[in-house]
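Read through the structure below, which is laid out as structure tokens, and then see the notes.
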Amino acid sequence: MIKNIFRSICSTCLTAFFFASVMFVSADEGLYRNESESEKNERMEWWRDARFGMFIHWGLYAIPAGEWEGRESKGYAEWIRHRAKIPLEEYDKLVERFNPVDYNPDEWARLAKEAGMKYMIITSKHHDGFCLWPSDLTEYDIESAPFDRDILGELKDACDKYGVKLGFYYSIMDWHHPNYPPRDWETDRPRDQVDMDKYTKYMKGQLKELVEDYDPAVLWFDGEWEGTWNKQRGGDLYEYLRALKPDIIINNRVGKRTRNLGDFGTPEQKIPAEGIPGWDWETCMTMNRHWGWNKNDQNWKSAEGLVERLVDIASKGGNYLLNVGPKPNGEFPQQAVARLGKIGEWMDVNSEAIYGTIASPFAEVPFGRVTSKKDENVLYLHVFDWPARGYIELPGMGSAVKSAELLGLPWWRDGLKTELVDENLLRIYLPEEAPSPYVSVVKLEYAGELTTVPYVPKVEADSNGVFKLKAKKAETMGKLKYEEDKDCIGFWTGKGTAQWVLGVENAGNYNVRVVWACEKGSGGTPYKIEVGGAAIKDTVAETGAWTEFEEKDLGAIKIAKGDQLLKVVPLKQPSVGVMNLRSIVLYPSNDE
Ligand code: FHN
């Protein structure tokens, strides 16, 4: 009772403050959306430095665990009510079965901490509408379950104990609330109470409970994609929440997953190839294939793969939100616990190469990834495959190296020997044994401002003397670019060129084979392949589609010894696109 009186006094004051503070702000702007860059940097600092968090999907859906009436449900485990078309009254019977007697928040927080995770985001309410906290605004909450503990309150205390920040996932889409539209297959449910203004008021009231009762550091919205939600409602909700807790961090799904509303982007189950420069972003990923617990899903990613994803994401300037789907009794799956332990062992040695780092200043490096700590003149070189040849090379390093060491080696071990073996090609010599499993890290300290210079990695012939010039390794100049999904150079709408540097040991004639695609009606662009003064010409033939790749031998070309620049040059402006170029292969020719 006291809590409710206290809440209503707070509510009146805050509501008055809110309208006083934002009533003259246009719908698209907002007092908090226009905070200064320095204010935002201060608010985001801990989140940017954290780089690594735990996602938890837990609720009623953990009970069916991916199966309903003996049948495996399609889609994510937490979507089972929709996928299996379970009537509300059937699904709601799960409430009386939700009794996670083995729930141990201290264990959860400790596992997150020891894995090196700096924050935790838990589903306070997923799409099914069930609330993991005792809400005054609905009976569809944990208080209606036989489990009479404050799940989120206990988790908050445990996270505080271990120094892990706690945030809440909250779904805008709600399959239970009468003011939110029922699913299209729920023909028996009334629609006369559907009212997004009333539902938004309900959401605001719930979010105020969460903010006031648990002081979350992050609000992670989801389920924003339906037509029921729009940018205006999202902007208003963002302003409302920042007025409630000015330092809170809110993801971009509070709006419509765009760049201009919300504090960070949320690529899901994927890592943007080049990161998202100039924007805070966080990739969320499952550890197997489901967010919620699915008892049949044995598709667990390896600990090595999870560490490599963490490194890859950090090297692109993003955060990694790695998911755990606890069982209905409150336990983490053993497979998840084992992986968290392995990641933690790696972080014990290498976390300085993750926390507080910024994106790599190098486009791509041959040995793995790079993270950087600009204010410390330090680069971290993450070596994915330990080289048998005894060294790695960092192309494009323009600054002088002061020292190089391997994280994880005892302090008394000497530093690593480095040398410039080519203009701007730094070689770092490594011991035979890698100090860390999965990924080992070289800490490189450099002098003065970091300078990087474009370095086109040399392509060397394979053991048969064949040069494979892959699209991904090309340097592109002009209007064309590498397309990850097709593994080709495409969008070739101008006279731009693609080029590679060949490291030629054996001069001579090489047969030229091109692998390309060109949609019907876009063929006919003449082009040449030139290297070291020699050239071979061709006209782009149509293959039928931009994804229909074919290969063609163009004839032989003479190539001298040494570093040779090979360029593909269109000879006229294309009608649509020059071609989608996947690769050029040079085979030693027997013809003199
Ligand atoms: O539909 C949800 C899904 O269940 C899960 O919560 C993921 C994790 O972010 N988000 C939505 C799918 O984009």
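The values are calculated or read from the model by the stated rules, or taken from the named source; none is laboratory data. Keep in mind it's a predicted model, so treat the numbers as computed, not measured. Positions of Cβ are generated from backbone atoms using ideal geometry, with glycine treated the same way; all protein chains shown enter the neighbour counts. We work out accessible area using only protein heavy atoms, side chains counted, and drop any ligands, DNA or RNA first. Shrake-Rupley method; radii C 1.70, N 1.55, O 1.52, S 1.80 Å.
Based on the alpha-carbon gyration tensor of the chain and its eigenvalue square roots a ≥ b ≥ c, which shape applies: rounded if a/c is under 1.5, prolate if not and a/b is larger than b/c, or oblate?
Because a/c hits 1.5 or more and a/b exceeds b/c, the chain counts as prolate.
What is the spin-label model distance, in nm, from Lys552 to Lys93 if the labels are put 7 Å beyond Cα along the C-beta direction?
Computed distance between label sites Lys552 and Lys93 equals 6.6 nm.
In whole Hz, what ³J(HN,Hα) sequence does segment 374-385 give by Karplus (6.51, -1.76, 1.60; θ = phi - 60°), x for Gly and Pro?
Those phi angles translate into 4, 6, 10, 6, 10, 10, 10, 9, 8, 8, 7, 10 Hz.
Report, in degrees rounded to the nearest 10, the 0 to 90 angle that the Cα long axis of helix 151-162 makes with the longest principal axis of the chain.
The angle comes out near 50 degrees.
Measure nothing fancy, just the Cα-based angle from helix 105-114's long axis to the longest principal axis of the chain, in degrees from 0 to 90, nearest 10.
20 degrees
Taking loop as defined by DSSP and a crowding limit of 13 other beta carbons within 10 Å, which trypsin sites (Lys or Arg not before Pro) in segment 525-588 fit?
Working: sites: Lys528, Lys537, Lys552, Lys558, Lys561, Lys567, Lys572, Arg582; in loops: Lys561, Lys572.
Counting only loop positions with at most 13 other Cβ atoms within 10 Å, the trypsin sites (Lys or Arg not before Pro) in segment 525-588 are Lys561, Lys572.
Can you compute the charge dipole magnitude of the chain about its Cα centre, using +1 on each Lys and Arg Cβ and -1 on each Asp and Glu Cβ, nothing else charged? Give it in debye, rounded to the nearest 20.
Computed charge dipole of the chain: roughly 1280 debye.
Starting from 0.36 nm per residue, how many nanometres of slack lie between Lys520 and Thr539 once their C-alpha separation is accounted for?
Working it through step by step, the gained length comes to 5.4 nm.
How long is the gain from Asp485 to Asn296 if the chain were fully straight, where each residue apart is worth 0.36 nm and the alpha carbon distance is subtracted?
Details: separation 189, 0.36 × 189 = 68.04 nm, distance 3.00 nm.
Full extension of this stretch gives 65.0 nm more.
From the phi of every residue in segment 547-552, what ³J(HN,Hα) in whole Hz does the Karplus formula 6.51 cos²θ - 1.76 cosθ + 1.60 yield, where θ is phi - 60° and glycine or proline is x?
In residue order, the calculated couplings are 10, 8, 8, 10, 10, 8 Hz.
Keeping every protein chain present and rolling a 1.4 Å probe, give me the accessible area per residue for segment 181-306 in Å². Mind dumping the intermediate values first?
Numbers: 4900 Å² over 126 residues.
Solvent-accessible surface per residue comes out at 39 Å².
Counting other C-beta atoms within 10 Å, and keeping those with at most 15, which DSSP coil chymotrypsin sites (Phe, Trp or Tyr not before Pro) do you find in segment 167-247?
Numbers: sites: Phe168, Tyr169, Tyr170, Trp175, Trp185, Tyr199, Tyr202, Tyr214, Trp220, Phe221, Trp225, Trp229, Tyr238, Tyr240; in loops: Trp175, Trp185, Trp225, Trp229.
Answer in residue order: Trp185, Trp225.
Which of Lys473/Lys520; Lys316/Lys402; Lys165/Lys301; Lys479/Lys572; Lys40/Lys245 have a Cα-Cα distance over 19 Å? Please report the intermediate quantities before stating the final value.
Working: Lys473/Lys520 27 Å; Lys316/Lys402 25 Å; Lys165/Lys301 25 Å; Lys479/Lys572 14 Å; Lys40/Lys245 14 Å.
Correct reply: Lys473/Lys520; Lys316/Lys402; Lys165/Lys301.
Cα gyration tensor of segment 460-588, axes a ≥ b ≥ c as square roots of the eigenvalues: rounded (a/c below 1.5), prolate (a/b > b/c) or oblate?
On the way: a/c = 1.75, a/b = 1.70, b/c = 1.03.
Prolate, because a/c is 1.5 or more and a/b exceeds b/c.
Taking H placed 1.01 Å from N in the peptide plane, check which residues at least 5 places from Leu321 or on another chain put their amide H under 5 Å from its amide H.
Amide H neighbours of Leu321, under 5 Å, 5+ apart: Gly53, Thr283, Cys284, Met285.
Measuring from the lowest to the highest alpha carbon on each principal axis, how far does segment 380-507 reach, largest first, in angstroms?
56, 39, 33
Which whole-number percent gives the relative contact order of the chain, counting Cα pairs below 8 Å spaced six or more residues apart? Write down the numbers at each step before the final one.
Working: 1250 pairs, mean separation 63.2, N = 592.
Rounded, it is 11 percent for the chain.
Can you work out the Karplus-derived ³J(HN,Hα) for every residue in segment 167-184? Use 6.51 cos²θ - 1.76 cosθ + 1.60 with θ = phi - 60°, whole Hz, and x for glycine or proline.
After applying 6.51 cos²θ - 1.76 cosθ + 1.60, I find x, 10, 7, 9, 8, 5, 5, 9, 7, 10, 5, x, 7, 9, x, x, 5, 5 Hz.
Give the cross-link partners of Lys417 among the aspartates and glutamates, using a straight C-alpha distance below 13 Å as the criterion and excluding same-chain residues fewer than 8 apart.
Glu393, Glu405, Glu445
Rolling a 1.4 angstrom probe over the protein chains, ignoring ligands and nucleic acids, what is the accessible area of Arg242 in square angstrom, nearest 10?
The accessible area comes out at roughly 10 Å².
Could you tell me how many degrees, from 0 to 90 and to the nearest 10, lie between the Cα long axis of helix 303-315 and the main elongation axis, the longest principal axis, of the Cα atoms of the chain?
Between the helix axis and the principal axis of the chain, the angle is about 80 degrees.
From the square roots a ≥ b ≥ c of the eigenvalues of the alpha-carbon gyration tensor of segment 368-455, which class results: rounded (a/c under 1.5), prolate (a/b over b/c), or oblate? Present the calculation step by step, with values, prior to reporting the outcome.
Details: a/c = 1.64, a/b = 1.35, b/c = 1.22.
Prolate, because a/c is 1.5 or more and a/b exceeds b/c.
Which peptide among 362-370, 88-96, 112-120 comes first, and what is the full order, when sorted by highest mean count of other Cβ atoms within 10 Å? Present the calculation step by step, with values, prior to reporting the outcome.
Values: 362-370: 18.4, 88-96: 15.6, 112-120: 22.9.
Peptide ranking by packing, descending: 112-120, 362-370, 88-96.
Could you please report the charge total around Ala517, scoring K, R as +1 and D, E as -1 over all other residues with beta-carbon less than 14 angstrom from its beta-carbon? Each step should come with its number before you reach the end.
Details: positive: Lys486, Lys520, Lys552, Arg582; negative: Glu483, Asp485, Asp487, Glu519, Glu542, Glu548, Glu550, Glu551.
Spelling it out: positives minus negatives among the neighbours equals -4.
For Arg71, Arg413, Arg233, give me the order by solvent-accessible area with a 1.4 Å probe, most accessible first, ignoring ligands, DNA and RNA. Kindly include the intermediate steps, with their values, before the conclusion.
On the way: Arg71 155, Arg413 100, Arg233 60 Å².
So, going from the largest accessible area down, we get Arg71, Arg413, Arg233.
In whole percent, how big is the carbon plus sulfur part of the accessible area of segment 368-455, probe 1.4 Å, protein atoms only? Each step should come with its number before you reach the end.
Working: 2130 of 4550 Å².
The nonpolar share, carbon plus sulfur, comes to 47 percent.
Collect residues whose amide H, placed 1.01 Å from N in the peptide plane, falls under 5 Å from the amide H of Val540; neighbours closer than 5 in sequence don't count.
Gly524, Thr525, Tyr527
Please list, in chain and number order, the residues 5+ apart from Ser73 or on another chain whose amide H is under 5 Å from its amide H, with Hs placed from the backbone.
Sorted by chain and number, the residues that satisfy this are Glu67, Trp68.
Please report the carbon-and-sulfur percent of the accessible area for segment 460-588; probe 1.4 Å, protein heavy atoms only, DNA, RNA and ligands left out.
Details: 2930 of 6130 Å².
Carbon with sulfur: 48 percent of the solvent-accessible area.
Considering only protein heavy atoms, with the full assembly of protein chains and a 1.4 angstrom probe, order Lys417, Lys208 by accessible area, largest first. Intermediate values should be presented prior to the final figure.
Details: Lys417 120, Lys208 25 Å².
Ranked from most to least accessible, the order is Lys417, Lys208.
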